[in-house]
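Below you'll find the structure, written out as structure tokens, and then a few comments.
The values are calculated or read from the model by the stated rules, or taken from the named source; none is laboratory data. Since we're looking at a predicted model, the values are computed, not measured. Virtual Cβ from ideal backbone geometry, glycine too; neighbours counted across all protein chains shown.
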Amino acid sequence: MTSIGGAQMVDWNLAVATATRLARPGPEVSRDEARAIVAELRRHAKSAEEHVRSFTGMATDEVTDTPVLVVDRPGWTRANVAGFRELLKPLLDKMRDRRGSGPGGAVLGAVGGKVTGVELGMLLSFMSSRVLGQYETFAPATRALPAASGGGRLLLVAPNIVQVERELEVDPHDFRLWVCLHEETHRTQFTGVPWLRDHLESEIQEFLAQTEVDPMTFLERLREAAQSLATGRGEDSGEDAGEGRSIVELVQTPAQREILGRLTAVMSLLEGHADFVMDGVGPAVVPSVAEIREKFQQRRAHGASRLDLALRKLLGLDAKLRQYRDGERFVRAVVEEVGMEGFNRVWTSPNTLPTKAEIGKPMEWVARVHRKTES
């Protein structure tokens with residue numbers, strides 16, 4: 001546990017406990033129903049492998065090494081806290097080393113770690129009821145949460161999938177396979193493109209290395225963001241939630257904006273590709289895919305309430321929604337222009353990834369990458 005002056009900077013265990021305590025209860029299902037849902041999600045995850053590889057033409061020899069974990073909301077929280085601890089360790093070590101030795105520093109660190117743990121738990125409790133599935137790229141393996149060698153595991157959050165399929169009133173079996181197609185595409189991206197994980201980790205660590213705020217300022221900004229969740233600020237105006245900025249924007253420095261632009265482009269590609277694949281495969285294996293997509297898009301766009309929209313703004317989830325939309329448009333335009341094989345040149349190296357500008361102008365990517373390779 002990274003600490004400041006002997007005190008934990010972030011009390012991760014308290015974050016998990018808080019998120020677990022505050023998480024909404026999942027939909028009511030019997031024990032037999034729960035077993036059947038878990039078994040079906042595992043079957044769909046397995047069958048989605050071949051569907052995705054056949055549609056995308058992406059070969060991978062490592063998919064079977066990546067575990068599929070069907071989890072509840074506390075399980076999702078524990079997995080993500082483990083990933084956060086792994087990714088943020090260099091940043092927290094840097095803050096510890098740079099902390100001043102002023103009087104009361106250890107006491108402030110101890111109090112700050114507890115407060116930040118509680119408020120991080122609040123954020124995680126909000127997120128834990130909304131995520132349907134997730135490919136964890138940097139997940140450390142534990143006894144309860146295994147991961148592939150070098151990291152990587154696929155999480156399917158069963159209560160959230162059941163809750164959404166009931167809210168949308170769609171065929172549950174079709175919806176479960178549809179979700180698995182999206183998440184399996186992410187697993188194929190990382191297991192089929194050997195350099196992708198290291199490239200993303202390098203970009204993220206460079207982003208974190210550019211953080212210049214002192215520990216107390218960083219924690220204070222994080223607390224301000226979390227407190228706006230607790231008080232409901234921003235229900236009437238998105239600009240009031242963290243002054244209209246997401247948590248990432250609250251803690252970033254000007255030097256990080258260029259890196260964040262590159263990361264945004266990569267994430268737009270990955271999310272848009274997954275959406276394109278799930279809808280491309282869908283008609284052949286998910287009979288009600290058109291109905292599911294229409295209802296799911298409406299849910300994405302409108303959220304559950306004005307408060308939900310404000311919280312999504314604060315957490316940067318509105319940017320995530322733009323990534324789905326813009327990335328899917330990019331992939332669709334490129335495939336229409338040069339076919340799937342031509343699109344797959346995007347996975348050649350970091351240099352063939354689209355820039356943030358090219359995500360919005362896919363023909364510029366086609367001209368750059370295909371002109372270079374064909375000249």
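All but one of (1) crowded, with 18+ Cβ neighbours inside 10 Å; (2) in a helix (DSSP H, G or I); (3) not β-branched (Val, Ile, Thr) hold for residue 147; which doesn't?
Failing condition for residue 147: (2).
Could you tell me which of the residues 125, 129 is among the polar types (S, T, N, Q), surrounded by fewer than 21 Cβ atoms within 10 Å (Cβ to Cβ) and at pLDDT below 95?
Among 125, 129, only 129 is among the polar types (S, T, N, Q), surrounded by fewer than 21 Cβ atoms within 10 Å (Cβ to Cβ) and at pLDDT below 95.
Cβ contacts < 8 Å: first residue of a type in the set (Lys, Arg), restricted to segment 144-157; second residue part of a strand (DSSP E or B) and at pLDDT 75 or above, any location; separation 6+ or different chain. Result?
Short answer, once both residue conditions are applied: 153/68; 153/69; 153/135; 153/136.
Among residues belonging to segment 331-351 that are of a type in the set (S, T, N, Q) and surrounded by fewer than 16 Cβ atoms within 10 Å (Cβ to Cβ), point out the one that is farthest from residue 194 (Cα to Cα). Outline the logic, then answer.
The first filter runs over segment 331-351 and keeps only residues of a type in the set (S, T, N, Q), leaving 344, 348-349, 351.
Narrowing the set further to residues that are surrounded by fewer than 16 Cβ atoms within 10 Å (Cβ to Cβ) leaves 348-349, 351.
Details: 348: 10, 349: 10, 351: 14 Å.
Looking at residues that are of a type in the set (S, T, N, Q) and surrounded by fewer than 16 Cβ atoms within 10 Å (Cβ to Cβ), I get 351.
Condition first: farther than 28 Å from residue 331 by Cα, at pLDDT 95 or above and not charged (D, E, K, R). Can you find one or more residues in segment 39-50 that meet it?
Yes, because at least one residue in segment 39-50 is farther than 28 Å from residue 331 by Cα, at pLDDT 95 or above and not charged (D, E, K, R).
Which numbered condition trips up residue 304, out of (1) at pLDDT 60 or above; (2) aliphatic (A, V, I, L, M); (3) outside any helix (DSSP H, G or I)?
For residue 304, the exception is condition (1).
So if I check each of 97, 32, which one is out of contact with any helix residue (DSSP H, G or I) (no Cβ under 9 Å at 6 or more places or on another chain), at pLDDT 90 or above, farther than 16 Å from residue 160 by Cβ and not aliphatic (A, V, I, L, M)?
32
Which of the residues belonging to segment 169-198 are part of a helix (DSSP H, G or I), surrounded by fewer than 17 Cβ atoms within 10 Å (Cβ to Cβ) and at pLDDT below 95?
198
Can you confirm whether residue 319 is within 23 Å of residue 183 (Cβ to Cβ), at pLDDT below 90 and not in a helix (DSSP H, G or I)? Lay out the reasoning, then the answer.
On the way: within 23 Å of residue 183 (Cβ to Cβ): yes; at pLDDT below 90: yes; not in a helix (DSSP H, G or I): no.
Criteria not met by residue 319.
Can you tell me how many residues within segment 342-373 are in contact (Cβ under 8 Å) with a residue 60 or more places away in the chain and acidic (Asp, Glu)?
So the answer is 1.
Filter segment 325-341 down to residues that are within 15 Å of residue 55 (Cβ to Cβ) and in contact (Cβ under 8 Å) with a residue 40 or more places away in the chain and give me whichever is nearest to the chain's Cα centre (by Cα).
328
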